[in-house]
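Report on the following structure.
What follows draws every value from the coordinates through simple rules; no lab data is involved. Here the structure is a predicted model, which means the values were calculated and not measured. Cβ atoms come from the backbone with ideal geometry, glycine included; neighbour counts cover every protein chain shown.
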Amino acid sequence: MADRVTVIGWDGSPLTAAARAALGAATLVAGAAHHLALPEVPPAAERVRLGSIALAARRIAAHRGTAVVLADGDPGFFGVVRTLRAPEFGLEVEVVPAVSSVAAAFARAGMPWDDAQVVVAHPRTLRRAVNVCRAHTKVAVLTAPGAGPAELGLLLEGVHRTFVICEELGTEREQVTVVTSDTAADHTWRDPNVVIVIGGPAGRGVAADSGGWIAGRDPGAGPRGWVQPDESYGGGLGEGETELLRAAQLARLGPRVGDLVWDIGCGSGAFAAEAARAGAAVIAVDRDPGACARTDAAARRSGVQLQVVQGTAPYVLENLPEPDVVRVGGGGAAVVSAVADRRPQRIVTHAATRDAAELVGRDLTEHGYRVECALLQSVELDTRAWTETERSVAFLLSGVLPDRNP
């Protein structure tokens, strides 16, 4: 095992005295090509070009001497420190940090970033990173080859965002470019780069002059409760939008940050807004222009952003991006079947009769879903006289793909 392992962050500025001392004593230096070309790297040191961090960690673990790993930005923030400290390598490291590339990108843009979401996009996580950009007004994306500004822009089709693209921060080739998301694919971008994604109506979230208390999205913003009282949505809710049913639907679907939720037959927009409050990206679909307008208004009142698509299901669903979880609020068995063909992790819907519930349940089973059904009954009481004022009954159906991460 290496006698000593020092991880040095580099942001383009001159190395600190501590970094120079560690580098001068190194017998092995690992880093990217521009790191290994630094004049402070000892000529006699073994040089390891960083590709796979895990392979480099094995080389370092087997080295007898003093090792230094050079990395861009802060190596403890989505960086090499996590891999080097993995139990299988047994490495204890000292870290000399630098300004993170995310902090540098926001500094170049002259913007605060304590209220930003920060995500890593590579081919495996690109879709989830895009969903965060759909759902939040300020996101920093640490990109990778094959998951850069062009790919982000293409997957954000239909959602307008502004991209601040910071290429090769800290180097002589550093460049900052501002484009719209729909034109990002028209350019060729140099790696490494950080993309600041900005968009959404002004005034949502923490007020600019109030400051925040937690980094990123404030999980306590807005009124308490998974669902809001029916009267919060103007009293025009349909039979499948009651407060009790919405709460049960949210509990079954469990929308979360990085998910894309389809709300088909969005009606008043109550469910769509509440799913967006959970941090998920939401596409709300309805054939009625009035329902689309009500959904947009519900999103504004709730301080969230979502995409509203007017069209008739199942036909309008063909061109929508792949969902993680889906609520079918209207359209019946035919729409549920079309949704199941897209293989989301979870589907939830409701039926007014047992026969209708059985029809939907059989179809979900044939698609390979594990089906659950519950009869929900809600009775509203006037607590002044304890008399019944309203009663609603619905069959709640949910399908879960057993071969997918729940």
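Side notes on the structure shown:
- On Cα atoms only, tilt of 243-253 relative to the major axis of the chain in degrees: 40 degrees
- Listed residues 226, 385, 2: farthest to the positive end of the dipole of the chain (Cβ charges): 2
- The length gained by stretching the chain between residue 157 and residue 318 to full extension, at 0.36 nm per residue less their Cα-Cα distance, is 56.5 nm.
- Values of log10 I(q)/I(0), in the order q = 0.11, 0.20, 0.22 Å⁻¹, for region 279-406 under a Debye, Cα-only, solvent-free model: -0.48, -1.18, -1.26
- Cut-off 16 Å (backbone N to label point 7 Å along Cα→Cβ of residue 390), residues of region 220-252: 227-248
- Treating r as the C-beta distance of residue 82 and residue 297 and R0 as 60 Å, the FRET efficiency rounds to 0.85.
- Farthest towards the positive end of the charge dipole of the chain, among the residues 328, 307, 170, is the Cα of 170, using unit charges on the Cβ of Lys, Arg, Asp and Glu.
- Scanning residues 5 or more positions from residue 98 or on other chains, those with amide H under 5 Å from its amide H are 9, 74, with H placed 1.01 Å from N in the peptide plane.
- Computed [θ] at 222 nm, helices only, for the chain once each DSSP H run of length n ≥ 4 contributes -39500 (n - 2.57): -7500 deg cm²/dmol
- D_trans [Stokes-Einstein, Kirkwood Rh over alpha-carbon pairs] for the chain, 37 °C, 0.692 mPa s, µm² s⁻¹: 137 µm²/s
- Sorted on the mean count of surrounding Cβ atoms within 10 Å across their residues, most packed first, peptides 106-116, 189-199, 157-167 read 189-199, 157-167, 106-116.
- Charge dipole of region 268-347 about the Cα centre (unit charges at C-beta), most positive-ward option of 270, 338, 290: 270
- Nearest-ten-degree value, helix 289-302 long axis tilted from longest Cα axis of the chain: 50 degrees
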